[in-house]
Amino acid sequence: MNMDEKYRKAGEIISQAGGTPLPVNDTLIQLLKYFIMEDEVDFIASFNEKKSQTMEQLKLSSGLSEEEINKKVKDLASRGVIFNQPNSKGIMVFRLLPLFNVGTFEYNFMGKLEVTERNREIAALFNKMFAELDSMVQANYDAIIPMLMTTPPIDRTVPVFENQPKNEPVKIIINEDLETGIDRIVPSQRVEELITKFDEIALGHCFCRHYKDIQGTPCKQTDERETCFTFGKSARFTSEQGFSRMITKDEALKVLKRAEEAGLVHKAYHPNFDTSKDETSICNCCRCCCGNGVDNMLAPISNVTSFISVVNDDLCIGCGTCVEKCHTYAAYLNEDKKARRKEDRCIGCGVCAHFCPQNAISMVKGKERIVRIPPKKKQS
């Protein structure tokens, strides 16, 4: 097997490591060559049968010594190719990461990168890969999108509960009988409460906005960049590899406050998308750059939320602030110039309520519901 064939095989293995399935084409192979050196390709093949392995398992699958494995893992982890952290029993586990969602792309652009020729080349290749994915989805839209609209939610919205103009709380209405809900109630969790749960908190750059910066197309919404949080072993991994830095709870709360003032949406991520488990990370997303934003999505947004907005017509003055700030284009003004929202697009983020000058928008809390928003079908 020549080197090109080995990289193609490595691409096939990585494409099966979770995240978004990617076609193993020339673009993907070119990307892999930036992150996996020629003397490491055979080691990637060791993960063909099992994507997560202990040291003893890796010795058998790779035929390498512990010293040789540690050397390769150290280098590959520093490039976001392998996740190396102990499991709950204290046993070190080595997990092969996908190239995208969540893997090499996110970890590399989470760290502070200089605008170098190499980084521009990597960003351009990822941009080409995303364009190819978009073309593939659009070419098969009627077959792919209905299937993707049934996938589990990827993230969970954590709302904002403070009204900025009036400096007072947003009204919360409890309604546990929402017909749109799935059959269990999830306790309300504010971002402040989430932060206090964790002793290990790391802060990195928003990989989506940082990736856009490298391309020379900066975010239109905010200059905030360090807004991506990881917790627990994810925090240890990202900080050890230089993708993030450890911070205190007080520092985290200040960053979250700035994110709210910038109109960013708090999105929490859970292991295997199971919201009953503790969060692994929180992103603070804009509409124009983020992969889970409606202006930039390749596949449907799939979000779980326990909230939905409702407008008090007596207080609403029809100013359109909520329409301007809404991340999912759920808000609009009706014929009477009163704010309304499309239930099937509202992710309950509270950004509209946060910026409403009249504090006319309340957040209704009920059962978990899943909001799925498909990408637009482009004209051929």
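The values are calculated or read from the model by the stated rules, or taken from the named source; none is laboratory data. Just so you know, these numbers come straight off a predicted model, no measurement behind them. Glycine gets a Cβ as well: all are built from the backbone with ideal geometry, and neighbour counts include every protein chain shown.
Among the residues of region 247-266, those that are outside any helix (DSSP H, G or I) and buried (at least 21 other Cβ atoms within 10 Å of the Cβ) comprise Gly263, Leu264, Val265, His266.
Consider Asp274 carefully, then state whether it is more than 25 Å from Gln221 (Cβ to Cβ), without any contact (Cβ under 8 Å) to a residue 12 or more places away in the chain and in the same structural domain as Arg345 (by TED's automatic domain parsing). When the stated conditions are applied, Asp274 passes them. Under 9 Å between Cβ atoms, at least 6 apart or on separate chains: pull out the pairs that start in region 210-229 with a residue that is closer than 18 Å to His266 by Cα and end on any residue that is modelled with pLDDT under 95 and acidic (Asp, Glu). Listed pairs, sorted by first residue: Phe229/Glu279.
Results for (1) touching a Ser or Thr at 6+ places or on another chain (Cβ under 8 Å); (2) of a type in the set (Ser, Thr, Tyr); (3) farther than 30 Å from Pro153 by Cβ, shown as yes or no for each residue.
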| position | (1), (2), (3) |
| --- | --- |
| Asp4 | no, no, yes |
| Gln16 | no, no, no |
| Met37 | no, no, yes |
| Ala45 | no, no, yes |
| Glu49 | yes, no, no |
| Gln53 | yes, no, no |
| Lys59 | yes, no, yes |
| Glu66 | no, no, yes |
| Asp75 | no, no, yes |
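Per the conditions (1) surrounded by 16 or more Cβ atoms within 10 Å (Cβ to Cβ); (2) in contact with a Cys (Cβ under 9 Å, 6 or more places away or on another chain); (3) not acidic (Asp, Glu), the sole criterion not satisfied by Pro165 is (1).
Looking only at residues in region 267-299 that are assigned to a loop (DSSP other than H, G, I, E, B) and of a type in the set (S, T, N, Q), the one that is nearest to Arg345 (Cα to Cα) is Asn292. Please work out which residue is farthest from Ala259 (Cα to Cα), limiting yourself to region 168-192 and to residues that are modelled with pLDDT of 90 or more and surrounded by fewer than 17 Cβ atoms within 10 Å (Cβ to Cβ). Residue satisfying both the conditions and the ranking: Ile173. So, in region 112-127, of the ones that are in a helix (DSSP H, G or I), surrounded by fewer than 16 Cβ atoms within 10 Å (Cβ to Cβ) and touching a residue at least 40 places away in the same chain (Cβ under 8 Å), which residue ends up nearest to the chain's Cα centre (by Cα)? Of everything passing the filter in region 112-127, Ala124 is nearest to the chain's Cα centre (by Cα). Taking the criterion of being touching a residue at least 12 places away in the same chain (Cβ under 8 Å) and more than 14 Å from Leu96 (Cα to Cα), the residues of region 21-33 that qualify are Leu22, Pro23, Val24, Asn25, Thr27, Leu28, Ile29, Gln30, Leu31, Lys33. For Ile91, the criteria (1) surrounded by 18 or more Cβ atoms within 10 Å (Cβ to Cβ); (2) within 26 Å of Met246 (Cβ to Cβ); (3) not basic (Lys, Arg) hold in every case but one, which is (1).
Comparison of Ile69, Ile29 shows that the only residue that is over 24 Å from Ala299 (Cβ atoms), over 23 Å from the mean Cα position of the chain (by Cα), among the β-branched types (Val, Ile, Thr) and at pLDDT 95 or above is Ile69.
Counting only strands (runs of 3 or more DSSP E) wholly contained in region 24-105, the ones carrying 2 or more residues that are under 30 Å from Glu132 (Cβ atoms) occupy 82-86, 92-96.
Here the condition is being within 15 Å of Arg79 (Cβ to Cβ) and free of Cβ contacts under 8 Å to residues at least 60 places away in the same chain; of Phe94, Phe109, it holds for Phe94 alone. Within the option set Asn312, Asn334, being surrounded by fewer than 19 Cβ atoms within 10 Å (Cβ to Cβ), of a type outside the set (D, E, K, R) and out of contact with any Lys or Arg (no Cβ under 7 Å at 6 or more places or on another chain) holds for one residue only, Asn312.
Among the residues of region 196-222, those identified as out of contact with any strand residue (DSSP E or B) (no Cβ under 7 Å at 6 or more places or on another chain) and either outside any loop (DSSP other than H, G, I, E, B) or crowded, with 20+ Cβ neighbours inside 10 Å (or both) are Thr196, Cys208, Arg209, His210, Tyr211, Lys212, Asp213, Ile214, Gln215, Cys219, Thr222. Checking each residue of region 66-83 against the condition of being on the phi > 0 side of the Ramachandran plot and without any contact (Cβ under 8 Å) to a residue 60 or more places away in the chain gives no match. Based on what the data block shows, is Gly293 in contact with a Ser or Thr (Cβ under 9 Å, 6 or more places away or on another chain), modelled with pLDDT of 95 or more, closer than 16 Å to Ile154 by Cα and in the same structural domain as Arg156 (by TED's automatic domain parsing)? Spelling it out, it is not the case that Gly293 is in contact with a Ser or Thr (Cβ under 9 Å, 6 or more places away or on another chain), modelled with pLDDT of 95 or more, closer than 16 Å to Ile154 by Cα and in the same structural domain as Arg156 (by TED's automatic domain parsing).
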